[in-house]
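The values are calculated or read from the model by the stated rules, or taken from the named source; none is laboratory data. Predicted, not measured: the structure shown is a model, and the values here were computed from it. All Cβ positions, glycine included, derive from the backbone under ideal geometry; neighbour counts span all protein chains shown. In case anyone asks, the SASA skips ligands and DNA or RNA and just uses the protein heavy atoms, side chains included. Shrake-Rupley method; radii C 1.70, N 1.55, O 1.52, S 1.80 Å.
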Amino acid sequence: MKSKGWAWVPTLYFAEGLPYVAVMTVSTIMYKRLGISNSEIAFYTAWLYLPWVIKPFWSPIVDILSTRRRWVIAMQWLIAAGFGSVALALPTSIFFSASLCAFWIVAFLSATHDIAADGFYMLGLNENRQSFFVGIRSLFYRLALVVGQGALVVFAGYLEARSSSANSAWMLIFFMISGAFLLLALYHSAVLPHPEADRRRDTRTVSDVVREFGATFRTFFTRKGIGIALAFMLLYRFPEAQLLKLISPFLLDSPQAGGLGLTTMQVGIAYGTVGTIGLMLGGIGGGILAAAGGLRRWLMPMAWSMSLTCLTFVYLSFHAPGSDSFAVVNICIFLEQLGYGFGGTAYMLYLMYFSEGEWKTSHYAMCTGIMALGMMLPGMAAGWLQETIGYGPFFIWTCVCCALTILVSSLVKVPADYGRAKRGS
């Protein structure tokens, strides 16, 4: 019997979003506050994308061994332990390398949790309820982003102001995240349903799995238009992949170093709260317009939105309003994230379009892995580049890179009605 979902869908997707934002965004803010250089932050935290890049390679294991429900709960217990390990690493003399190792383990666990949670969602709800909860799951995933890079960063800034040790402040933050996952694991152990379809596939042999696994890759990489599709997946977010790694360091760096000199609390408000609200509104608006007019109609406007809003950081770097004009900083970050959310809609819709077919689930996992690779590789060099040429020229460079976004968007082919809501639906 299928569950109605209200008891577990919101919390399941909150649990899916929180580790991602903690690993990919909160870690960069923390390392900046603990004195790590921009080049090291960008290079090493970019490697944390790797588990999401390669997750298609072990997704069949989740399908074969045990049930999705058990995988979800097991991963939440282990993620709790992982964040506890991050906290315990921070007071040590090797905190950077030790915490990076813990973050990488959490990233691997989180990517596995994503596979199991998405699979459980499809097994635990019928098709009608799946459609109903699409917006709800997205809302709570994005709410996790607000909590992670907003509320928790603001609280970390408060703790820093009251404590003589930034390490102690961030240690408490990660103990809090660990505790949250302990509660989520206990809660989901009690409320997740036991769908009949969620059972181990004992009838499948190793040769069956190898054959299916090979078929998913063969059919994906022999699809018509695969070359242009791969270029789009890798390059559409090329400017943003570099920009995202340096936003937090830029906001936190002193004016003498070319930054805005904001406090940790101000970064949590501007980037983690105001910016995330802009990201959410851009995504919602993009979804509404794409449903009304179709992806092909809105692809180029969305690509230009991703590109033009990068100019806000060029403005901030050369005018440097800093904390004295905090409202200006908030407006610029809101506009950039609004454009990023709006432009990102086209990207996600294209991934879904290219995944259509017999192997839809596996092909979508491969698309998201390529997406993560497209974020990982440019981000690795972004810190070195910024330290070499400075913040202003770096942000100009990201604007120049937007030419790639426009180019690949002009090359992809999408049916005129794809993404458009059908009348009466």
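General remarks:
- Flag if PHE181 is hydrophobic (A, V, I, L, M, F, W, C) and open to solvent by 30 Å² or more (accessible area, probe 1.4 Å): no
- Filter pass, ALA42 being buried (at least 21 other Cβ atoms within 10 Å of the Cβ) and among the hydrophobic types (A, V, I, L, M, F, W, C): yes
- Screening TYR141, TYR158 for residues that are at pLDDT below 90, among the hydroxyl-bearing types (Ser, Thr, Tyr) and closer than 20 Å to HIS188 by Cβ leaves exactly one candidate, TYR141.
- VAL62 vs. criteria in contact with a Gly (Cβ under 6 Å, 6 or more places away or on another chain) and within 30 Å of GLY119 (Cβ to Cβ): no
- Note on the range 39-64: residues that are at pLDDT below 75 and small (Gly, Ala, Ser) total 1.
- Of GLY339, GLY343, all but one fail to be touching a residue at least 60 places away in the same chain (Cβ under 8 Å), within 19 Å of ILE247 (Cβ to Cβ) and open to solvent by less than 50 Å² (accessible area, probe 1.4 Å); the exception is GLY343.
- If you go through the range 252-269 and pick out every residue that is under 24 Å from CYS402 (Cα atoms) and under 20 Å from the mean Cα position of the chain (by Cα), you end up with 0.
- Residue check: ALA116 meets all listed conditions (1) without any contact (Cβ under 8 Å) to a residue 60 or more places away in the chain; (2) touching a Gly at 6+ places or on another chain (Cβ under 8 Å) but one, namely (2).
- Hey, CYS332 under 18 Å from TYR391 (Cα atoms), open to solvent by less than 30 Å² (accessible area, probe 1.4 Å), under 23 Å from the mean Cα position of the chain (by Cα) and modelled with pLDDT under 90 or not: no
- Verdict on TRP397 being open to solvent by 30 Å² or more (accessible area, probe 1.4 Å) and either modelled with pLDDT of 95 or more or in contact with an Asp or Glu (Cβ under 7 Å, 6 or more places away or on another chain) (or both): yes
- The single condition from (1) buried (at least 17 other Cβ atoms within 10 Å of the Cβ); (2) out of contact with any Leu (no Cβ under 6 Å at 6 or more places or on another chain); (3) not polar (S, T, N, Q) that PRO91 fails is (1).
- Matching option when the condition is under 17 Å from the mean Cα position of the chain (by Cα) and of a type in the set (A, V, I, L, M, F, W, C), among ILE61, ILE36, ILE29, ILE73: ILE29
- Among the residues here, PHE120 qualifies as open to solvent by less than 50 Å² (accessible area, probe 1.4 Å), at pLDDT below 85, touching a helix residue (DSSP H, G or I) at 6+ places or on another chain (Cβ under 6 Å) and over 18 Å from MET265 (Cβ atoms).
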